[in-house]
Structures are given as C-alpha cells and as structure tokens.
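The values are calculated or read from the model by the stated rules, or taken from the named source; none is laboratory data. These numbers were taken from a predicted model, which means no experiment stands behind them. When we count neighbours, we look across all protein chains shown, and the Cβ atoms used for this are built from the backbone with ideal geometry, even at glycine. The accessibility values were calculated without ligands, DNA or RNA, using every heavy atom of the protein model including side chains. Shrake-Rupley method; radii C 1.70, N 1.55, O 1.52, S 1.80 Å.
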Amino acid sequence: MANNHEVNACSFRTSIGGQALMEGILMRGPERQAVVCRKADGSLVTKIDPIRLIKDRYPILGLPVIRGVANFLSTMVLGVQALSWSAEQLPEEEQGEPDKLDLWIQRHFSSETAGKIIVGMAVALGILLSVGLFAVLPTLLAGLLHRVLPLGRFRGLVEGVLRIVIFLCYLWACNHMEQVQRMWMYHGAEHKSIFCYEHGKELTVENARAESRLHPRCGTSFLFIVIFISIVVFSFIPTEGTLQRLGLHLLLLPVLVGVSYEVIKWAGRHDNALTRLISAPGKAMQRLTTAEPDDSMLEVGLEALKLVIPEEKGKDSW
C-alpha cells in the first residue's frame with residue numbers, strides 16, 4: 001500500500017533541499033546551509049555557512065534556463081565541499097590515506113588555496129565522469145550498433161535507453177558498497193525530514209519516520225528528466241555521424257540541464273495529474289538511491305533542517 005503522504009497535498013512546498021553525506025546530511029536554505037554529521041561517539045557536529053547566491057553578483061545567471069546550469073554547478077561545488085568535510089569527521093582509520101596528488105598540492109599551496117584546487121578537481125572529475133558515462137558512452141555504443149543495424153529515426157531512442165541502462169547499472173554497482181548504502185539511508189532521512197516540514201508537522205523523529213522517502217524534487221528525479229528530455233530532443237535530430245551527434249550532445253547539454261531544472265522546479269511547485277506523472281519515474285528510481293533510515297539518521301536530518309529554516313515565515317516557499 002502506498003504511503004498516504006505520497007499522495008496527500010503538502011501544507012506548502014519549501015525551497016530547502018539537501019544532500020546525503022558520509023554519516024551526515026547537508027541542508028541548504030534561502031539564507032544559510034548547514035552540515036550535521038554524527039561522530040563515532042554518537043555526538044553531533046555541525047557546520048553552518050551563509051548562502052551567497054551567484055545571481056546577486058551576476059543577475060544574468062538568475063534568468064530561466066541559465067539559472068539551472070548555474071545552480072547545478074554551484075550545488076556540485078558546495079556538495080563536494082560538504083562531502084569532504086563530512087569525511088574528515090570519520091574516525092582516522094576510516095578516512096583512508098590522501099593520494100599523492102593531494103599531498104603534492106597541500107605541500108605547494110596554502111591550505112585555503114589547496115582546498116579550492118582539490119574541490120575544483122573533484123568537481124571537474126565528477127562532471128567528466130557524468131558526461132562520459134551518460135552522454136559520450138551511450139552515443140558511441142549507439143553508433144557502433146547503428147553500423148550493424150541501421151537505427152534510422154530510432155537512434156535517439158536507443159541512445160536514451162542506453163543512458164537509462166547505464167544509469168541503472170551505475171546505481172546497482174553503488175548499492176553494493178557499504179558506505180554508499182548508509183548514504184542512501186541518510187538520503188531517505190533527508191527526504192523524510194523535508195516532507196515532515198512541508199506537511200506542517202512538528203519536527204520530531206516520530207513524525208518524520210512516517211513520511212515517504214521519495215521526494216519529487218530529488219536529484220535522482222532531475223537526472224531522469226535530463227535523460228528523458230535528451231531522448232525527445234535527439235529523436236528529432238537527423239544527424240547520422242557519431243562524432244557529429246556526440247558534438248551536438250555536448251553542445252546542447254547545458255541547455256538540457258537548464259530546461260530540466262525549469263521542469264522539476266515547476267513540477268515541485270504544483271500537485272496535479274501531470275506533475276505526478278512527470279515525477280513518477282524519478283521517484284521510482286529513488287527506490288535505488290534512498291533507503292529507510294534509522295531514528296539516529298532522522299535526528300541528523302531534522303537537526304540540519306532546523307538550522308536552515310529562515311526566521312521570516314514563508315521566505316523559503318518554493
């Protein structure tokens with residue numbers, strides 16, 4: 001039976017969003033972001049930073065579609081920084097040894113500059129991995145298949161199916177890693193905490209426990225929307241050459257990201273048959289990227305959420 005909260009209307013929809021970390025959760029509100037992690041001794045450690053919106057410095061980055069790309073990159077940078085900080089809170093025996101490149105950077109630059117370089121490299125590698133797995137690889141595989149079996153107008157559809165298959169295989173591989181499994185549980189705690197807030201309930205572990213772990217504004221849903229829109233767009237592009245199609249994929253990728261952001265933003269603001277249909281595939285995929293959290297994880301999620309709720313009522317409305 002479906003959880004009642006999956007179909008019940010929310011009291012309101014908040015712009016607060018989060019990310020699962022190593023034994024912790026990042027919550028980002030309109031004014032500040034908070035990272036809350038649980039130490040090995042059971043205590044909670046917190047890091048709070050003010051939000052500095054890049055669109056305040058460069059208004060053009062706040063325009064529709066463009067803001068999606070800017071927010072995506074900003075979220076990646078902040079997410080990597082938070083993930084790195086959460087890893088530092090783990091016991092030393094679980095942190096692992098830094099690689100030789102990181103050690104070289106730390107020896108040759110100040111701690112602040114070294115941190116920025118390492119984060120920048122992590123973001124760049126994350127983008128390259130994502131583009132390589134979900135844009136380059138499917139296009140190349142479809143090109144090889146096209147040589148054996150001409151795909152014609154179905155080439156874009158085949159590329160999209162390959163993207164979904166590769167994405168699911170990637171998630172399946174992640175699900176076999178113990179640390180990732182715990183992150184999925186914290187991911188579920190993040191969603192339950194936000195739903196508890198959106199339903200206007202008191203922010204307690206007992207109330208959050210009853211909420212759904214599947215949220216329509218999740219990053220997993222965003223990735224599925226990017227894949228779906230790419231299927232639609234490239235199904236109508238007649239380009240046959242693999243390298244030409246690959247070039248178009250890379251050229252249009254920022255546009256697809258920006259449009260997908262607007263779609264999920266709109267779907268997150270409304271509750272009707274169309275938005276539920278749009279959200280359904282992404283929520284189904286969240287069954288792979290979230291897991292039921294224990295009460296200690298819900299406590300972390302709720303604490304992080306409380307720290308970013310603005311004092312002015314309604315300022316965080318989506």
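Side notes on the structure shown:
- Fluctuation leader among GLY152, GLY301, GLY268 - the chain, Gaussian network, Cα springs under 10 angstrom: GLY152
- Helix 273-289 axis, angle to the chain major axis (alpha carbon atoms, nearest 10°): 80
- Per residue, the accessible area of the chain comes to 54 Å², computed with a 1.4 Å probe over protein heavy atoms only.
- Folded to 0 to 90 degrees: helix 66-88 orientation relative to the chain principal axis, Cα: 50
- Within a Gaussian network of the chain (alpha carbon springs, distance under 10 Å), most fluctuating of GLN179, GLN81, GLN19: GLN179
- Modelled FRET efficiency - R0 35 Å, LYS201 with VAL255, Cβ distances, 0.05 increments: 0.35
- Along the chain, counting only GluC sites (Glu not before Pro) with a DSSP assignment other than H, G, I, E or B and at most 10 other Cβ atoms inside a 10 Å radius, the longest segment between sites is 1-201.
- The chain - mean residue ellipticity at 222 nm from DSSP helices (-39,500 (n - 2.57) per run, n ≥ 4, rounded to 500): -20000 deg cm²/dmol
- Each of LEU73, VAL255, VAL300 was scored by the projection of its Cα onto the charge dipole of the chain, and the greatest displacement toward the positive side belongs to VAL255; charges sit on the C-beta of Lys, Arg, Asp and Glu.
- Loop-located trypsin sites (Lys or Arg not before Pro) in the stretch 21-97, at most 16 other Cβ atoms within 10 Å (DSSP): LYS39, ARG52
- Loop chymotrypsin sites (Phe, Trp or Tyr not before Pro), the stretch 203-248, which have at most 15 other Cβ atoms in a 10 Å radius of their Cβ (DSSP): PHE236
- Here the dipole of the chain is about 1380 debye; that uses its Cα centre as origin and unit charges on the Cβ of Lys and Arg (positive) and Asp and Glu (negative).
- Net lengthening on full extension, LEU128/TRP104 (0.36 nm per residue, minus Cα-Cα): 6.4 nm
- Chain lengthening between LEU44 and LEU137 when straightened (0.36 nm per residue, less Cα-Cα): 29.3 nm
- Calculated FRET value between GLN179 and LEU149, using beta carbons and R₀ = 51 Å, to 0.05: 0.80
- Distance from the stretch 243-318 to the stretch 173-215 (C-alpha centre basis), Å: 14
- Of the peptides 113-119, 288-294, the order by per-residue mean of other Cβ atoms within 10 Å, starting with the highest, comes out as 288-294, 113-119.
- Restricting the trypsin sites (Lys or Arg not before Pro) of the stretch 220-315 to loop positions (DSSP other than H, G, I, E, B) with no more than 13 neighbouring Cβ atoms within 10 Å leaves LYS313, LYS315.
- Ranking LEU128, GLY115, ILE48 by how far each Cα lies toward the positive end of the dipole of the stretch 26-159 (charges on Cβ) leaves LEU128 at the top.
- Neighbour net charge for GLU311 - beta-carbon separation under 14 angstrom, K R +1, D E -1: +1
- Overall, the stretch 13-74 carries a charge dipole of about 160 debye about its Cα centre when +1 sits on the Cβ of Lys and Arg and -1 on the Cβ of Asp and Glu, all other atoms neutral.
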